[in-house]
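> Questions regarding the structure given below will be posed in turn.
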Amino acid sequence: MDFDRIFIKNAQPTKIGGQAVLEGVMMKGSSSMATSVRIPNGEIILKVDKTKPPGKISKLPIIRGIVAFGSALVTGTKTLMYSAEVLEEAGVDMEKGKFDLWIERKLGDKANTFLIYLSVVIALFFTIGLFIIFPTIAINFMKQFTENAILLNLLEGVLRIVMFVIYVVLISKLEDIRRVFQYHGAEHKSIHCYESGLELSVENCKSFPTLHPRCGTSFMMFVLVISLLLFSLLGWPSLLVRILSRLLFIPIIAGLSYEVLRWAGRSNTALVKFISIPGLWLQMLTTQEPDDSQIETALSSLKAVLDYSEGNEDL
């Protein structure tokens, strides 16, 4: 792992962040969000939306991380569904289930909004159930071997991390997900290029790595590691109390993880590099080397966000 290429000296960190979608990339700045989707004929469909600036409370440390986490869930689902719609309109077979079709018949124009929020709720229940509640239940059997609360909590945290890594490995085997991971790599390369002050061209982007210190994947790893450390200090109470404590601490852990991620994104000290290693390792799974067309798609979104910001500096 070449830290000098990931933590680029003299780079100027930007607040612009992105997300890979189906055959495309979304980039979000302080005043706009752009999503580019490449359809089968090679054309890039670009959509630019104005975004609301965060309120004063949403800028406070920890709280801004909680707000950003919730916003990312909704926005991420919305852009994924938008990319699927673009591909479907372009003739790509995006077969809908019977439930989706039934919702569309019942709700009409409101169906899309309903499905977005339903998807977020389902994703939250799946994530909480599999990665928060299940590990603390599964480690209960270890009480017959040890009563050490710190050890039990550490085992729970390790199991949570192992399960998450296995989950990422499994989904990375799917062809559609592999292409999403390529677009994820393209997103990182384009951000690196911009932060390095170079012309936003495909050739310039190709020289950068697919790993980036300020990435949602690293955020998730920070969440897992911080939760492991924090829960180790809470003892090993009854199962119900443990589940409730895990749920109650999710927002705080998300806020803390966001602050660590921000710090890692604008510093290149030895300590930052060290604590970033687990997240960067995980990024080696969630990013793949993109082709030229995928980098071009990522640049399309990035340039659109930059062009919008330059034309609306008062926003």
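> Report, ordered by the first and then the second residue, all pairs with beta carbons closer than 6 Å, sequence separation of six or more or different chains, a first member in the stretch 50-79 that is part of a helix (DSSP H, G or I), and a second member that is among the hydroxyl-bearing types (S, T, Y).
R64/S58; G65/Y258; V67/S58; A68/Y258; T77/S119; T79/T35
> With respect to S267, is the statement that it is surrounded by fewer than 18 Cβ atoms within 10 Å (Cβ to Cβ) and part of a helix (DSSP H, G or I) true?
Working: surrounded by fewer than 18 Cβ atoms within 10 Å (Cβ to Cβ): yes; part of a helix (DSSP H, G or I): no.
Against the criterion (surrounded by fewer than 18 Cβ atoms within 10 Å (Cβ to Cβ) and part of a helix (DSSP H, G or I)), S267 does not qualify.
> Hey, could you check the stretch 209-254 for residues that are part of a loop (DSSP other than H, G, I, E, B) and over 20 Å from the mean Cα position of the chain (by Cα) and say which is surrounded by the most Cβ atoms within 10 Å (Cβ to Cβ)?
W236
> Okay, next question. Is it true that L224 is closer than 30 Å to N148 by Cα, modelled with pLDDT under 90 and not β-branched (V, I, T)?
Spelling it out, it is not the case that L224 is closer than 30 Å to N148 by Cα, modelled with pLDDT under 90 and not β-branched (V, I, T).
> Next question. With respect to L87, determine if the residue is in contact with a strand residue (DSSP E or B) (Cβ under 9 Å, 6 or more places away or on another chain), over 29 Å from F126 (Cα atoms) and either at pLDDT 90 or above or in a helix (DSSP H, G or I) (or both).
Details: in contact with a strand residue (DSSP E or B) (Cβ under 9 Å, 6 or more places away or on another chain): yes; over 29 Å from F126 (Cα atoms): no; either at pLDDT 90 or above or in a helix (DSSP H, G or I) (or both): yes.
No, not satisfied.
> Mind listing just one residue for me: the one in the stretch 169-196 that is in a loop (DSSP other than H, G, I, E, B) and in contact (Cβ under 8 Å) with a residue 12 or more places away in the chain and, of those, nearest to K28 (Cα to Cα)?
S196
> Taking V180, is it closer than 22 Å to S276 by Cβ and of a type in the set (A, V, I, L, M)?
No, not satisfied.
The values are calculated or read from the model by the stated rules, or taken from the named source; none is laboratory data. Here the structure is a predicted model, which means the values were calculated and not measured. Because the Cβ atoms are built from the backbone with ideal geometry, glycine has one as well, and the counts that use them run over all protein chains shown.
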